[in-house]
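Read-outs throughout are calculated quantities, based only on the coordinates presented, and are distinct from any laboratory measurement. Keep in mind that this is a model prediction, so the values were computed, not measured. Using ideal geometry, Cβ is built from the backbone for each residue, glycine included, and neighbour counts are taken over all protein chains shown.
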Amino acid sequence: MYQYDGYDQKIVDERVAQFKDQTQRYLAGELSEEQYLPLRLQNGLYVQRFAPMLRVAVPYGLLSSNQVRKLAHIARTYDKGYAHISTRTNFQFNWPKLETVPDILEELASVQMHAIQTSGNCIRNTTTDQFAGVVKGEIVDPRPYCEIIRQWSTFHPEFAFLPRKFKIAVNSHETDDRAATLLHDVAIKVKLVDSKVVYDVYVGGGLGRTPIIASLVEENLAEEDLLTYLDAVLRVYNLHGRRDNKYKARIKILVKALGVDAFRSKVHAEWERLKGGPGTLTQTEINRIKGHFTAPEYRDLDDLPAALSEKLENNKAFSNWYKQNVHPHKVNGYAIVSLTLKKLGVPPGDITDKQLDVAADLADQYSFGEIRSTHEQNLVLADVEQTKLYELWEKLKENGFATPNLGLLTDMICCPGGDFCALANAKSIPVAEALQETFDDLDYLHDIGEIDLNISGCMNACGHHHIGHIGILGVDKKGEEFYQISLGGNSGPDASLGKILGPSFARADMANVIKKIIETYIEKRVEGERFIETYQRLGHEVFKERVYAKSN
């Protein structure tokens, strides 16, 4: 993984010292709330319903065991003993005291971490496939390009105060997309043409009040032109994006208003002034960054060794977990293991300080000291020897990491909602808990099969409800919390947006409503058909009629 050089460390250390002084002046009454607001946002600090919330950057979801131990220490020392993983793979602390935040940032800097640009109208954390670099079917490793974007975007002087926040995702898999790439302001697909790295650049995706799937703006962009082209896109957005209405300020609104062709023309006009200039990537620089992502020292092992096959045959619980939470690795004898944070009774994506310490130990013991956070609010050990899977599974069970529900209904994405967020219209966590209890039957979950269920507490869509196969949105009806259902969303390569089912429901009704939807699917599916495929075949009305049918 990427290691800071002296320059990286210096700018992070200087930012910590700067923010410490700013916070002290604010607490002393020397800075007003209005003056302090942009300063704290630039350092990942929000003011939520009950306490500040600090969002810590985890670039493209990659963490060392040492960094994970530091997060555990922060949760224990400065918070209430837990952290939350966001859909941008960042970590959030929901209960720090304002006066301690500079101390937290100083602790983070000691392990090459920070909270810079995790909030505010700037370029946010770049995300990618949590299996990047180790998964079969990958064209090239996208992580070096994520790191190049991170270095370019951090403290970029032109883009610190954009019309609105700006999100970039990178993917390079032949068939899969685990990063919801096309729902980003800029989506980059890295591929090979005549053995050369090129990019397809999509612009104008996003969720929130106006969900839009990104449009292809540039095809087969040369490897060296990545940053100059991104500069051109951001300059056009900075110049023409709306600043008079925050709900219409995202780049997706600009692309839609201009039209893709007109937007592309403006980008090309700007790019002509930048192409071949100082921002052009050299092969030396590309190779320097790639040098931080070399493969670990894999052993020469056989795939599916006899001992593993025996355990899978004789232990149903282990076999269920293996089938659901273990993914094929590109190197023989190794496996990718997902640690689910979706245990019954635990808010999705929450992790305790003790679990963080255990995860760090497991990373050292089983996965070359590296761990990854995911878009789906889980963790990944990317390089586990197959001969050690059973041993690892037993330790995961002991620590609440082994629920075999990855990709199933209870592996839901869920924002913190009204329990924490001042913007939320409704609480998300109680709905998630009710669904966990209703579907607390692993045999039934496995029979239902692959399904994405996403919950957001408001239209800002932090829970990505628009792209869940089943999406749940909290809405306010005259001061009461209600929930709107959408069906048919999809975050993969064939991304689609869900369609609202009909009038909203009270919280007490939600578990029964979802149960009716699932029962309809099970009754109507054909053999081997996933929920999204059944929905696409049958259409919307079949589910709507079942859910809203009046009981006799």
Seminar exercise, completed: For region 176-234, the dipole about the Cα centre with charges only on Cβ (Lys and Arg +1, Asp and Glu -1), to the nearest 20 debye, works out at 320
For this session: Could you quote the convex hull projected area for region 127-292, Cα atoms only and averaged over all directions, in nm²?
Result: 9.7
Seminar exercise, completed: When 122, 462 are arranged by how many other beta-carbons sit within 10 Å of their Cβ, fewest first, they go 122, 462
For this session: Give the range of the longest stretch in the chain that excludes all GluC sites (Glu not before Pro) found in loop regions by DSSP and having at most 11 other beta-carbon atoms within 10 Å.
Result: 298-526
Seminar exercise, completed: Distance in nm between residue 49 and residue 193 label points, each 7 Å along Cα→Cβ, equals 4.9
Exercise. For the chain, what does -39500 (n - 2.57) per DSSP helix run (n ≥ 4), summed and divided by total residues, give at 222 nm, in deg cm²/dmol to the nearest 500?
Worked result: -11000 deg cm²/dmol
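Once the cut-off is 22 Å, how many percent of the Cα-Cα pairs in region 413-548 end up in the long-distance tail? Before the final figure, lay out each step's value.
Numbers: 3023 of 9180 pairs.
Of the Cα pairs, 33 percent sit more than 22 Å apart.
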Seminar exercise, completed: Note to self: C-alpha centroids of region 487-552 and region 217-234 sit apart, in Å, by 39
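For 465, 240, 84, what ranking results if the residue with the fewest other Cβ atoms within 10 Å of its Cβ goes first? Please report the intermediate quantities before stating the final value.
Details: 465 31, 240 14, 84 23.
With the sparsest Cβ surroundings first, the list reads 240, 84, 465.
Residue separation times 0.36 nm, minus the C-alpha to C-alpha distance between residue 529 and residue 257: what's the value?
Here the segment from residue 529 to residue 257 would lengthen by 94.1 nm.
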Exercise. Going by the alpha-carbon gyration tensor, a ≥ b ≥ c the square roots of its eigenvalues, is region 248-299 rounded (a/c under 1.5) or, if a/c is not under 1.5, prolate (a/b greater than b/c) versus oblate?
Worked result: oblate
Problem set entry | Qualifying trypsin sites (Lys or Arg not before Pro) in region 264-318, DSSP loop, other Cβ atoms within 10 Å at most 14 | 299
Problem set entry | Magnitude of the charge dipole, the chain, Cβ model with Lys/Arg +1 and Asp/Glu -1, debye to 20 | 1860
Seminar exercise, completed: Its Cα gyration tensor gives region 6-109 an equivalent ellipsoid whose semi-axes in whole Å, largest first, are 22, 17, 12
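Regarding the chain, what's the average projected area of the Cα-atom convex hull, expressed in nm²?
On the way: hull surface 105.6 nm².
Average projection, Cα convex hull of the chain: 26.4 nm².
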Problem set entry | Footprinting exposure proxy for 458, 414 (fewest neighbouring C-beta atoms within 10 Å first) | 458, 414
Exercise. Does region 52-95 classify as rounded, prolate or oblate by the C-alpha gyration tensor (a ≥ b ≥ c root eigenvalues; a/c under 1.5 gives rounded; else a/b over b/c gives prolate, otherwise oblate)?
Worked result: oblate
Exercise. From a point 7 Å beyond the Cα of residue 497 in the direction of its Cβ, which residues of region 471-488 have a backbone N at a distance under 16 Å?
Worked result: 471-473, 485-488
